[in-house]
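Just below is one structure, and these are the notes that go with it.
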Amino acid sequence: MANVSTIEGIRVSADHWIGGARVPSADMFLDVSPIDREMLAMVARGGEREVDEAVAAARSAFETWGSTPPERRAAVLHRIGELIESRVGELAIVETTDNGSLLRSMQRSVMPRVALNFHFFADRLLELGGEDLDTRGHRNHVTWDPAGVAAVITPWNAPLMLATWRVAPALAAGDTVVLKPPEWAPLTASMLCDIAREAGLPDGVLNVVQGIGEEAGAALVRHPGVDRVAFTGSVETGRSVAAAAGANLTPVSLELGGKSPFLIFADADLEAAVAQAVNQYDNAGQVCLAGTRLLVERGIYDRFLERFLERARALRQGDPRREDTDLGPLITQEHFDRVDGFVQRAKAEGARALIGGGPNEELGGWYYRPTLFVDAPPGSEILTREVFGPVLTLQAFEDEDEAIRMANATDYGLAAIVYTGDRERAERVSARLVAGTVWVNCFYVRDLRAPFGGSRNSGVGREGGTWSFDFYADVKNVCTAPWERS
Ligand code: NAD
């Protein structure tokens with residue numbers, strides 16, 4: 001019998017989606033809302049068998065989808081984008097209920113970006129090509145051939161946006177997909193299947209196996225029938241995913257964690273920098289890109305701190321469905337305990353929490369107070385490991401060299417933020433920062449044509465624009481001798 005949950009009046013299937021059909025499971029896991037810890041669904045718990053079935057369905061569908069003309073593939077992707085646009089409200093409320101993100105962000109930026117993922121890669125597909133290279137009369141002609149079955153594994157902090165950021169280019173490239181959504185926020189992936197079918201995506205081209213990471217996820221990444229593994233998640237899991245895929249020599253694209261520095265120089269627009277720094281508590285800090293290490297030039301440190309505390313104390317924490325809420329809950333008890341563990345160990349190591357430093361007792365549940373640490377010992381855990389909660393650190397630097405040394409002093413390299421009023425300094429500093437993306441006097445401005453990914457332990461590979469097709473396609477060069485000689 002079909003397993004359907006109703007969330008805010010919206011019916012959502014909690015089954016797998018394999019070969020164009022809902023597949024129930026006798027084995028299930030509980031999905032609760034972080035807002036009030038109420039049960040949302042009992043979700044199908046897949047394993048080896050469902051992964052086998054989904055990969056087989058994807059392989060079979062690849063026979064036709066891989067040879068479908070790009071114009072036709074692009075048209076279906078645009079239709080998916082349009083249907084998402086027409087359902088932003090439904091997708092937003094289900095995702096907010098499932099993962100606790102702010103409803104207003106879901107409605108205004110995240111779900112529109114989900115639709116854009118499809119529109120963008122549909123358009124980009126039709127622009128692929130480039131000039132043929134002439135080598136002493138020989139013609140080098142590049143083609144972007146579909147690669148096969150792509151496995152996509154995603155985390156819970158922005159589940160549908162991160163899933164479609166991988167699914168859309170894979171489908172555009174002519175691959176078929178098996179998606180394993182995050183067990184802590186699995187529901188919008190299920191809605192995507194309904195949308196894809198309605199848009200005319202053939203059965204088996206997109207499959208969803210719900211389940212636990214160590215079960216369904218691990219079975220998927222080691223499956224020999226998978227041709228690409230696109231993983232977004234933590235560094236620790238990324239290592240095991242890469243090892244499993246490596247056994248089959250399956251190419252992997254890893255988008256992993258971060259501990260990004262936020263450098264603020266004395267010549268910066270202080271109010272803009274403070275506002276952006278406080279903004280790093282967005283999504284209760286459950287953002288891979290967040291600039292969690294605030295590095296401030298000594299001369300403005302006191303003024304910055306005063307203004308920061310003023311603004312941070314004014315943040316309103318509460319139900320993320322309310323328009324006036326700035327900060328919602330953490331995703332689960334397990335994650336709440338993890339964040340609190342970092343905070344308590346930081347205190348034990350000598351760091352001082354100027355605000356926060358514990359749960360929000362008034363709200364109860366998994367609401368954690370926005371926290372700012374100072375005096376953290378150099379090299380300590382709170383300065384070097386990703387917390388993935390509303391926890392920032394503040395340190396002073398004397399000059400540019402010291403700022404860069406401090407900024408680069410972790411194993412991560414996802415992003416960096418620089419606030420300065422000096423254009424030459426911005427260029428000098430950006431060039432020396434180890435990061436996949438550097439934002440100067442801004443944050444989170446994304447152009448999908450630009451490369452995205454992490455350096456060091458924050459990832460392997462880049463996606464976005466042509467970089468995505470480099471990964472999801474089998475790029476081939478056909479070198480042809482001049483015809484007049486043969
Ligand atoms: P996670 O690594 O625990 O889980 C991510 C996904 O992997 C989930 O779907 C999970 O079920 C699955 N998984 C777990 N174990 C697996 C295994 N052995 N084999 C295959 N799949 C497995 O990460 P999380 O806690 O869900 O997400 C938070 C992390 O994701 C943070 O580190 C964050 O920085 C990172 N993240 C990175 C980006 C980026 O673009 N770089 C974006 C968002 C989140």
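The separation of the stretch 409-484 from the stretch 85-156, counted between C-alpha centres, amounts to 17 Å.
In the stretch 350-450, a dipole from Cβ-located charges (positive for Lys and Arg, negative for Asp and Glu) runs towards its positive end, and of Val445, Thr393, Tyr412 it is Val445 whose Cα lies farthest in that direction.
Treating only the Cβ of Lys, Arg, Asp and Glu as charged (+1, +1, -1, -1), what charge dipole size does the chain show about its Cα centre? Round to the nearest 20 debye.
Numbers: 49 positive and 68 negative charges, 80 e Å.
Dipole about the Cα centre, nearest 20: 380 debye.
Taking a span of 15 Å or more along the helix axis (Cα atoms) and a mean Kyte-Doolittle hydropathy of at least 1.6 as the rule, no DSSP H helix of the chain qualifies.
Checking every one of the GluC sites (Glu not before Pro) in the stretch 385-451 against DSSP loop status and a limit of 16 other Cβ atoms within 10 Å picks out Glu398. Under a model in which nothing but the beta-carbon of Lys, Arg (+1) and Asp, Glu (-1) is charged, the stretch 261-440 shows a dipole of about 220 debye around its Cα centre.
Of all beta bridges that DSSP places with both ends in the stretch 261-440, some 15 percent have antiparallel geometry.
Determine Rg/Rh for the chain; Rg is computed over alpha-carbon atoms and Rh is the Kirkwood hydrodynamic estimate from the same atoms.
Working: Rg = 23.2 Å, Rh = 23.4 Å.
Reported Rg/Rh (Cα atoms, Kirkwood Rh): 0.99.
Close amide H pairs (under 5 Å, H built 1.01 Å from N) link Leu179 with Val152, Asn207, Val208, Val209, residues at least 5 positions away or on another chain.
How would you classify the stretch 1-104 from its alpha-carbon gyration tensor, with a ≥ b ≥ c the square roots of the eigenvalues: rounded for a/c under 1.5, else prolate if a/b is greater than b/c, otherwise oblate? Kindly include the intermediate steps, with their values, before the conclusion.
Values: a/c = 2.81, a/b = 1.29, b/c = 2.18.
Taking the square roots of the gyration eigenvalues as a ≥ b ≥ c, the stretch 1-104 is oblate.
Explain nothing, just the number: relative contact order of the chain, from Cα pairs under 8 Å at least 6 residues apart, as a whole percent. Answer for the chain is 17 percent.
Over every Cα atom in the stretch 261-440, the radius of gyration and the widest Cα-Cα span, Dmax, amount to 15.7, 48 Å.
Residues in the chain average 40 Å² of solvent-accessible surface per residue, probe 1.4 Å, ligands and nucleic acids excluded. Projecting the Cα positions of Ala284, Leu294, Ala312 onto the charge dipole of the stretch 261-440 (unit charges on Cβ atoms of Lys, Arg, Asp and Glu, taken about the Cα centre) puts Ala284 furthest along the positive direction.
What share of the DSSP beta bridges in the chain is antiparallel, in percent to the nearest 5?
On the way: 31 of 67 bridges.
Bridges in the chain are about 45 percent antiparallel.
Quote to one decimal, in nm, the extra length available between Glu306 and Arg11 on full extension: 0.36 nm per residue of separation minus the C-alpha distance between them. Could the numbers behind the result be given before it?
On the way: separation 295, 0.36 × 295 = 106.20 nm, distance 4.76 nm.
Full extension from Glu306 to Arg11 adds 101.4 nm.
Taken along its principal axes, the alpha carbon cloud of the stretch 229-319 reaches lengths of 55, 35, 16 Å, longest axis first.
In deg cm²/dmol and to the nearest 500, what is the mean residue ellipticity at 222 nm of the chain if only DSSP H runs of at least 4 residues count, each as -39500 (n - 2.57), divided by the residue total?
Working: 15 runs with 175 residues, N = 486.
Estimated from H runs of four or more residues: -11000 deg cm²/dmol.
The label-point distance for Asn248 and Asp375, in a model that sets each label 7 Å from Cα toward Cβ, rounds to 5.3 nm.
Taking the mean number of other Cβ atoms within 10 Å as a proxy for protection, how do you rank 88-95, 35-42, 151-158 from highest to lowest?
Working: 88-95: 21.1, 35-42: 15.6, 151-158: 26.2.
Result, highest mean Cβ count within 10 Å first: 151-158, 88-95, 35-42.
Let a ≥ b ≥ c be the square roots of the eigenvalues of the Cα gyration tensor of the stretch 395-460; is it rounded (a/c under 1.5), or, if not, prolate (a/b larger than b/c) or oblate? Oblate shape, in that a/c is at least 1.5 and b/c is the bigger or equal ratio. The simple Förster model, with R0 at 45 Å and r as the Cβ-Cβ distance, assigns Arg432 and Asp203 a FRET efficiency of 0.30.
The values are calculated or read from the model by the stated rules, or taken from the named source; none is laboratory data. Only a predicted model underlies this, so the values are computations on that prediction, with no experimental measurement involved. Reconstructed Cβ throughout: ideal geometry from the backbone, glycine too, with neighbour counts over all protein chains shown. For the accessible areas, the whole protein counts, side chains as well, though only heavy atoms, and no ligand, DNA or RNA atoms are used. Shrake-Rupley method; radii C 1.70, N 1.55, O 1.52, S 1.80 Å.
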